[in-house]
1. Among the residues of region 73-82 satisfying the criterion of being exposed (fewer than 14 other Cβ atoms within 10 Å of the Cβ) and assigned to a helix (DSSP H, G or I), which is farthest from the chain's Cα centre (by Cα)?
2. When you go through Lys82, Lys96 one by one, which is the residue that is among the charged types (D, E, K, R) and free of Cβ contacts under 8 Å to residues at least 12 places away in the same chain?
3. Can you tell me which condition Asp42 does not meet? The list is (1) at pLDDT 80 or above; (2) not in a loop (DSSP other than H, G, I, E, B), and all the others hold.
4. Confirm whether Leu31 is modelled with pLDDT under 60, assigned to a helix (DSSP H, G or I) and of a type in the set (A, V, I, L, M, F, W, C).
5. Out of the residues in region 57-72 that are in a helix (DSSP H, G or I) and modelled with pLDDT of 85 or more, which is surrounded by the fewest Cβ atoms within 10 Å (Cβ to Cβ)?
Amino acid sequence: MKNTLLIIIISLIFAVEGRAEISSKKALKNLFDGCIKEEVKDFSLGAQFEFCASFTKQISISMTIEEIMLIEMDMRASSSEKEETQILASNQNFKKAIAKCAAKFYE
């Protein structure tokens, strides 16, 4: 998970300039691909694709390049995967995106 998340964040940093909405096709594809690589045992592959598409959309409209850079710097300074998970969990945009997309499966 550590390498996948770093690749996603680094790709987003270098693929777009600071904007209120990330619109780079390459950056969003990298985000989606990183999401889909994570194995989720409780979801079918179709559900995982649906979640990752939703997650990618939510991140693209809620984060700026500066926010992504700050997260990436914190993750590089972390010493474990658990610490990286805590960094992501402390970010409101990531939490909101995950909650909004996951909630669709419980409606």
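1. Ala77
2. Working: Lys96 fails: free of Cβ contacts under 8 Å to residues at least 12 places away in the same chain.
Selected residue: Lys82, the only one of Lys82, Lys96 that is among the charged types (D, E, K, R) and free of Cβ contacts under 8 Å to residues at least 12 places away in the same chain.
3. (2)
4. Numbers: modelled with pLDDT under 60: no; assigned to a helix (DSSP H, G or I): yes; of a type in the set (A, V, I, L, M, F, W, C): yes.
So Leu31 does not fit the description; no.
5. Among residues in region 57-72 that are in a helix (DSSP H, G or I) and modelled with pLDDT of 85 or more, the one surrounded by the fewest Cβ atoms within 10 Å (Cβ to Cβ) is Ile61.
The values are calculated or read from the model by the stated rules, or taken from the named source; none is laboratory data. Treat the numbers as computed from the prediction; the structure is a model and nothing was measured. Neighbour counts are summed over all protein chains in view; Cβ atoms, including those assigned to glycine, are modelled from backbone coordinates with ideal geometry.
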